[in-house]
Amino acid sequence: MIDTLMLVDDEDLFHLVFEDACSLLDISLSLKSLNSSDEAAKLFQKWLQGDFSDRPECVFVDLNIIGSSFDGIELIRKINFEYGNNVVIGIISSSNEPEEQAKAVQAGAQFWIIKSDDIEPRLEEFKKDYEGYKTRTAPFKVYR
Amino acid sequence: MKLNKETKEELINLLEKKNIGLEGNILKIIDTSDDSDFAKYVENCKEKDKETRKKRLEITKQVQEKNKELLEVNAENQRIMSELQLTFKEVEDAKITFEVQNRELIAWKQDNERISLELQQEMAKSELARIGAEEAKTMAINDLDVLQKKTQTELIGNIVKIALGVIISIGVITTFMYILALVINKDTQMIGSTWSNMLGILLTNAFSIIGTIMGVKYSGKDKEG
C-alpha cells in the first residue's frame with residue numbers, strides 16, 4: 001500500500017471520488033489533494049530544501065489545471081527535472097490524446113490514467129503495477 | 001499501531017452502546033494480532049467504513065455527473081446567449097441599414113416631389129408661353145389679314161384712280177377733239193358718234209369696275225363676319 005499519495009486537480013468533486021476509491025481499494029493510507037499546480041510546485045520546492053516529512057510517494061496530476069500558471073505536464077517536468085524528487089508520477093485526465101501522452105513521457109510521466117465515471121478498475125490495475133513504477137522498471141502505460 | 005486494553009474495551013463499548021466506531025484509514029494501521037475481540041471490532045468498523053465510503057462515492061459520482069451536465073447546459077446556454085447576442089446585433093445593424101435606406105428614400109422622394117413641382121411649374125410656364133404664342137400667332141394672322149386687306153384696298157384704290165384717270169383722260173381728250181372739230185368747222189358726224197359711243201362705253205366700264213370693286217370688298221367683309 002502507498003503511504004502518502006498526492007492528487008493535483010482543479011475539480012473538488014474528483015478529490016472526494018479519488019479519496020474514496022483509493023481508500024476502498026486499499027491503495028493509500030493518506031491523500032493530499034491540491035487544486036493548483038503552483039501549490040504543488042511550492043511544496044516540491046520546500047521538499048527540495050531537505051524537509052521530506054510529508055513528501056508523497058506518488059503523485060497524480062490532472063492535465064489541464066484551471067487557475068494554474070502551468071499545466072500538468074509542465075508540473076511533472078518541473079518535479080522530475082528541477083525539484084529532483086524521485087516520486088512515482090503520472091497524469092490522470094479525461095483526455096486521451098497521443099500527442100499529449102508523448103509530451104508527458106518526455107516530461108518523465110510514468111503512467112496516464114483516463115478519468116471516467118468508473119475509475120476504480122483503472123486504479124486497481126495501477127495498484128498492481130505500482131511496484132514496477134517505484135523501481136522504475138515498468139514502462140509508460142495508459143490505463144483506458 | 002498498538003492500543004492498550006482499556007482503550008480497546010472503551011472503543012468496543014462505544015460501538016455496542018452508542019454505535020460509534022472508528023473509521024477511515026486509521027483502521028488499516030491498528031495492530032489487532034493479539035486480541036481477537038478487538039480484531040472483530042476493527043473488521044466490523046472497516047466494513048461499516050467501506051459501506052459508508054461506497055455510498056459516498058456513488059453519491060459523489062452522481063453529483064459529479066450532474067455537475068458535468070450542468071456545466072454542459074451552462075456552456076450550451078452561453079452558446080445560445082452569444083448566438084442571440086449576435087442575432088440581436090445583426091438585427092440592430094439591419095435596423096440601422098434600414099433607417100439609412102429609409103432616410104435616403106425619403107430624401108429621394110423629397111427630391112422627386114421638388115422636381116415634380118418644378119416640372120409642373122415649367123409646364124405651366126410652357127402652357128402660358130404656348131397660349132402667348134397662340135395669341136401672337138392670331139395677332140400676326142390678323143395683322144397680316146389687315147395688311148393684306150389694306151394692300152388690297154390700296155391696290156383697288158389705285159386701280160380705281162388709274163381707271164378713272166384713264167376714263168376721264170380719254171373723255172377729256174375725245175371731248176377736246178370734238179370741241180376742236182366744232183370750232184374749226186370740221187365734219188363732226190364721225191367724231192360725235194365716236195365721242196358718244198366712247199363716253200357710253202367708258203361710263204359703262206367705269207361703273208362696271210366700281211361695281212366689281214364694291215362686290216369684292218363686301219364679299220371679304222362677309223367672310224370675316
One residue is enough: does region B:104-127 have a residue meeting the conditions within 30 Å of B:M214 (Cβ to Cβ) and acidic (D, E)? no
When you look at A:A41, is it assigned to a helix (DSSP H, G or I) and under 23 Å from A:L123 (Cα atoms), yes or no? no
A:S33 vs (1) surrounded by fewer than 20 Cβ atoms within 10 Å (Cβ to Cβ); (2) in a loop (DSSP other than H, G, I, E, B): all pass except (2)
On the basis of being of a type in the set (K, R), out of contact with any Pro (no Cβ under 7 Å at 6 or more places or on another chain), more than 30 Å from B:E6 (Cα to Cα) and more than 14 Å from every other protein chain (Cβ to nearest Cβ), does B:K66 make the cut? no
Evaluate the following for B:E23: is it of a type outside the set (S, T, N, Q) and in a helix (DSSP H, G or I)? no
Subset of region B:19-30, residues of a type in the set (V, I, T) and within 10 Å of another protein chain (Cβ to nearest Cβ), comes to B:I26, B:I29
Within region A:78-88, is there a residue that is under 19 Å from A:R144 (Cβ atoms), buried (at least 20 other Cβ atoms within 10 Å of the Cβ) and in contact with a Lys or Arg (Cβ under 7 Å, 6 or more places away or on another chain)? no
The listed residue being surrounded by 13 or more Cβ atoms within 10 Å (Cβ to Cβ) and in contact with a Cys (Cβ under 6 Å, 6 or more places away or on another chain), out of B:L27, B:L15: B:L27
Give the residue that is nearest to B:E58 (Cα to Cα), with candidates limited to residues of region A:12-50 that are of a type in the set (D, E) and facing chain B (nearest Cβ under 8 Å). A:D20
Step by step: first the residues of region B:31-55, then only those that are surrounded by 15 or more Cβ atoms within 10 Å (Cβ to Cβ) and within 12 Å of chain A (Cβ to nearest Cβ), then the one that is nearest to A:F18 (Cα to Cα). Which residue is that? B:R53
Quick check: anything in region B:70-77 modelled with pLDDT under 90, assigned by TED's automatic domain parsing to the domain that holds B:L22 and acidic (D, E)? no
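The values are calculated or read from the model by the stated rules, or taken from the named source; none is laboratory data. Values in this document were obtained by computation on a predicted structure and should not be read as measured data. Every residue, glycine among them, receives a Cβ derived from its backbone with ideal geometry; neighbour counts consider all protein chains shown.
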